[in-house]
Amino acid sequence: MKIINNTIYLSGKLTKETVSSIYDRYRQSSEKNAIDNIDLKEVTKIDSAGVAFLDIIKNESKLTPELQNASPEIKETINTFSIQKAEKSSKKERTNFFENLGEKFFSSSNNFISGLYLTADIFYWSLHDLFTSKYRRKGSIIQQSVLIGVNAVGIIGLLSFILGLILALQSSAQLRQIGANIYIADLVGISMVREMGPMMTAIIVAGRSGSAFTSEIATMKISEELDALRTMSINPIRFLVVPKFLAMTICMPLLVTMATFLGIFAGMLVAVYYLKLSAVAYVNEMFNFLTLKDQIIGLSKSVFFAWVIVIIGIYFGFKVTGGAEGFGKVTTKSVVASVFAVIVLDALFSLFYMI
Amino acid sequence: MESIIEINDLEVKYGDFTVLEDINLNIPEGQITAILGGSGCGKTTLLKSLLRLQPIAQGSIRIFQTAVDSPEFRSQLTKIGMVFQNGALLNSLSVADNISIPLKQHTALPDKIINQIIDAKLKLVNLEDTGSLLPSELSGGMKKRAAVARAIALDPELLFCDEPSAGLDPITSASLDNLLVKLKQQLEMTIVIVTHELASVRRIADNIVFLHDGRILFQGSYEQIQHSNIDEIKQFFSSN
């Protein structure tokens, strides 16, 4: 390759094996922006990499280089693989900060509205189909209850026990200093019943079942199974979502009750073996302190958490786009959103009951 | 004319079931060879055997004078492109990234030239402005064309296409046929296609191999096969 008087002379093979070195020499040339002619007289072979190189020479030159002396075969290959400058400039226009902000706002409000529609749909069909199993698979609520509830008993039980243990151990050291050992029962009891039991259970369920709902629905959407249901005139919400919603509504309070009990039991072990309290004193103090209202608050929260987890899981499942990558994205988003929603909801409940 | 693919006494089995038997075939260089035959006759299996995607029970296959089961064949794969029946694009990568895979893996070309090649190959298959899309955002026909663009990214000497025009509308199918002819003429590419589409075969094939029940019944030109007296071939042509 040589450049003389604004003409680039190319020779030999212009193929993927040779183009790299020719391109390097071209880039280092100071005259590359002023090329007026491309002489191909001595070019014996060209492939798409060679044509791409010629296109780059044309694009980078401030002038309009002409191809010269190309053989008919070379010309034909160039015609096949060459792309014009104008065709490449289909890049998206840059948007400014306010346009981006506006776009984000409208897309968020659209997402929120579609989320509300989905929520309404789920509540409507769940209530509608509460006492009829005509529109869902036989045994689907029991199957979902096993997946959501029974299969989660081990992990939720273990974590709640450990949580109760940590809570009791951390507070007992402080209570001991002021001789208020007996209040360990009040502290562990109120924490587990009103906050830790429902919230920890909800977080674990969001991670387990919420992500499973999203991935199930997303897979079905990608593989066009949801469309197939619709073509058979089956409402996917009634067929797939209602059993999950009802099973979750049943299982969550039960899981929370178990988690609360195990947390309190762990606290009792610390009270008996570390603070040397009697088990009876621990239980009596707890029953004297806890009220029915505390129980209702804990359990009612758990039902709301259950609904939020189902709705968010299903929502992201329906929102999936793309292939494996989109699938991973919605599952991650679903878990993050569920956990976030559970914590925010818990804070709102705390605020509400304080007032 | 030299043979680019030489197949001798090939036999392929799925368990105890023999799919291909007694296959002796030489595929000439620089031509388009169409492998025809009814469903289940072993066309795709033959194509997969050629690329070592399907183990062979007996016989030998040599491509570019190299046995496909020899370690040296690996280096020859850069000279071969394959268009799978369903496209087989990597779903997590954009169309442009899919096409860039062979270019980045097997050449030292600068990114600028690679991007230019990608744009050119997409234009060639009429898929301009789809480089940033994911395969799941393409229609079936677009996926197939993107797969063609990926297969020809390295301007291979040998291109295999498994049912390239199946499921495409007649206009797209004809433009894909034209592209294959162009590739043959301009890059001296040897092309082997497996197909059912007689219209496409008539337009582009120089050489036809007819398979039936895992055996070769006929090898020759389109004119010759049309006048064949073999019952299975007559039946195939009359029902198409």
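General observations
- Computed from the Cβ-Cβ distance with R0 of 41 Å, the FRET efficiency linking B:Ser39 to A:Ala324 stands at 0.85.
- This model, with +1 at the C-beta of Lys and Arg and -1 at the C-beta of Asp and Glu, gives chain A a dipole about its Cα centre of some 380 debye.
- In the full protein context, chain A carries 54 Å² of accessible surface per residue, based on a 1.4 Å probe and ignoring ligands, DNA and RNA.
- Charge dipole of the stretch A:2-81 (Cα centre as origin; +1 on each Lys and Arg Cβ, -1 on each Asp and Glu Cβ, all else neutral): 160 debye, rounded to the nearest 20.
- Across chain A, the mean sequence separation of Cα contacts (distance under 8 Å, 6 or more residues apart), normalised by length, yields a relative contact order of 19 percent.
- Extending 7 Å from Cα along the Cβ direction at B:His227 and again at A:Phe112 yields two label points whose distance is 7.8 nm.
- D (Stokes-Einstein, µm²/s), Kirkwood Cα radius, chain A, 0.890 mPa s at 25 °C: 94 µm²/s
- Over the stretch A:2-81, relative contact order from alpha-carbon pairs under 8 Å, at least 6 apart, %: 36 percent
- Count of lysine pairs in the stretch A:121-354 with Cα separation under 16 Å (8 or more residues apart, or interchain): 7
- Sequence-ordered 3J(HN,Hα) estimates for the stretch B:213-223 from the Karplus curve with 6.51, -1.76 and 1.60 and θ = phi - 60° stand at 6, x, 10, 7, 9, 7, 9, x, 8, 5, 4 Hz, glycine and proline given as x.
- Furthest towards positive pole of dipole, B:Ile193, B:Asn229, B:Gly59, structure part the protein assembly as shown, Cβ charges: B:Ile193
- Dividing the convex hull volume of the alpha-carbon atoms in the stretch B:187-227 by its residue count gives 86 Å³ per residue.
- Square roots of five times the Cα gyration tensor eigenvalues for the protein assembly as shown, Å: 66, 33, 23
- Three principal axis extents of the stretch A:2-81 based on alpha-carbon atoms, in descending order, are 29, 22, 19 Å.
- A P(r) calculated from all alpha carbon pairs of the stretch B:130-211, with 5 Å bins opening at zero, reads 3, 13, 27, 24, 19, 9, 3, 1, 0 percent.
- Accessible surface ranking that places the most exposed of B:Met189, A:Met220 first, with a 1.4 angstrom probe: A:Met220, B:Met189
- In chain B, the longest principal axis of the Cα atoms and the axis of helix B:111-124 are about 50 degrees apart.
- Accessible surface comparison of A:Tyr353, B:Tyr222, probe 1.4 Å, protein chains only, largest first: the order is A:Tyr353, B:Tyr222.
- Using a Gaussian network model of chain A in which every pair of alpha carbons under 10 angstrom is joined by a spring, one finds that among A:Arg94, A:Arg137, A:Arg238 the greatest mean-square fluctuation is at A:Arg94.
- Comparing B:Ile191, B:Ile27, B:Ile101 in a Gaussian network model of chain B where C-alpha atoms under 10 Å apart are linked, the largest mean-square fluctuation is found at B:Ile101.
- For the stretch A:208-355, the Cα gyration tensor yields ellipsoid semi-axes of 40, 15, 14 Å (square root of five times each eigenvalue, largest first, whole Å).
- Under 16 Å from B:Lys121, Cα to Cα: lysines that are on another chain or at least 8 residues apart: A:Lys16, A:Lys85, A:Lys88, B:Lys104, B:Lys112, B:Lys143, B:Lys144, B:Lys182, B:Lys184
- Using the rule -39500 (n - 2.57) for each DSSP H run of four or more residues, divided by the residues of the protein assembly as shown, the 222 nm mean residue ellipticity is -17500 deg cm²/dmol.
- Chain B, relative contact order [Cα under 8 Å, separation at least 6], %: 26 percent
- Per-residue average of Cβ from other chains inside 10 Å of A:320-329: 4
- Measuring nothing but protein heavy atoms, the accessible surface of the stretch A:135-244 at 1.4 Å probe radius is 65 percent carbon and sulfur.
- At least 20 Å along the helix axis (C-alpha) and Kyte average at least -1.0, DSSP helices within chain A: A:97-128, A:153-177, A:242-273, A:292-318, A:324-354
The values are calculated or read from the model by the stated rules, or taken from the named source; none is laboratory data. Note that the structure is predicted; figures quoted are calculated from it, not measured. Counting neighbours? That spans all protein chains shown, and the Cβs are built from the backbone with ideal geometry, glycine included. Ligands, DNA and RNA are excluded from the accessible area calculation, which covers all protein heavy atoms including side chains. Shrake-Rupley method; radii C 1.70, N 1.55, O 1.52, S 1.80 Å.
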